[in-house]
Amino acid sequence: MRYRSSQALSQNPIVIIILLNFLLLITTYVAREFIIGNLGLWPIFVLKQPWTILTSMFLHVGFWHLFGNMLTLFFFGSYLSRLVGDNKFLIVYFGGGILGSILFILLAPPLSVAIGASGAVYAVAGALVMMRPNLRVLLYFIVPMPLWVVIALFFVVFSFIPGVAWQAHLGGLIVGLTAGYFFRRRERYQR
């Protein structure tokens, strides 16, 4: 198992991602139609706006949507980054977000829009589930549960609420579980 030493706050990719998300939330409050129209992922417009496969991962509907994703990213992302390093963390994070966007493009109605980092966050969570399935986490900071139970519960509950981009959640989880499987195999091999 490899842990990285502490880094300066400005060099931590998780902090940078969180700050970018907060900055774009503020920008969205100022120019909602412009931001969502040009940076949100609309399947019907993806060929004209291919950058939205990435930019949609930095937008959120409101403060609580952003807060939930970024809080989860902070805790799970920090742990995963310590286990595998920043570069592999970033590959999992962006890989999950991109596959989530691709599944949204393929499976969602063409005139729907996806915004949020949930696909990327599910990728991070999925990788941790494969590497540390029985890690005890506090659900809502109160109820201790194994990590795999929490992620399965959140996937079921938050993926099937109307208006939620379950396709992005699924894509992220696929990337995370796959990456976590390989990280765990490598970890066992190195012991």
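Here are a few things to note about the model shown:
- Residues being under 23 Å from LEU83 (Cα atoms), assigned to a loop (DSSP other than H, G, I, E, B) and of a type outside the set (S, T, N, Q) are represented in region 134-152 by at least one member.
- Scanning region 28-49 for residues being within 14 Å of LEU111 (Cα to Cα) and in contact (Cβ under 8 Å) with a residue 24 or more places away in the chain gives a total of 7.
- Test for PHE158: is it farther than 21 Å from GLY116 by Cα and assigned to a helix (DSSP H, G or I): no
- Sole residue being in contact with a helix residue (DSSP H, G or I) (Cβ under 6 Å, 6 or more places away or on another chain), closer than 19 Å to LEU59 by Cβ and β-branched (Val, Ile, Thr), chosen from VAL137, VAL175, VAL129, VAL124: VAL124
- Scanning region 149-171 for residues that are surrounded by fewer than 18 Cβ atoms within 10 Å (Cβ to Cβ) and under 29 Å from THR55 (Cα atoms) yields ALA152, LEU153, VAL156, VAL157, PHE158, SER159, PHE160, ILE161, PRO162, GLY163, VAL164.
- In region 113-133, residue modelled with the highest pLDDT [restricted to those that are farther than 30 Å from PHE34 by Cα and in a loop (DSSP other than H, G, I, E, B)]: ARG132
- The sole residue among GLY97, GLY180, GLY163, GLY85 that is touching a residue at least 40 places away in the same chain (Cβ under 8 Å), closer than 26 Å to VAL61 by Cα and out of contact with any Asp or Glu (no Cβ under 9 Å at 6 or more places or on another chain) is GLY97.
- With respect to being within 14 Å of the chain's Cα centre (by Cα) and without any contact (Cβ under 8 Å) to a residue 24 or more places away in the chain, PHE67 fits the description.
The values are calculated or read from the model by the stated rules, or taken from the named source; none is laboratory data. As the structure is a computational prediction, the values presented were derived from the model and not from experiment. Cβ sites come from the backbone with ideal geometry, for glycine too, and all protein chains shown count toward neighbours.
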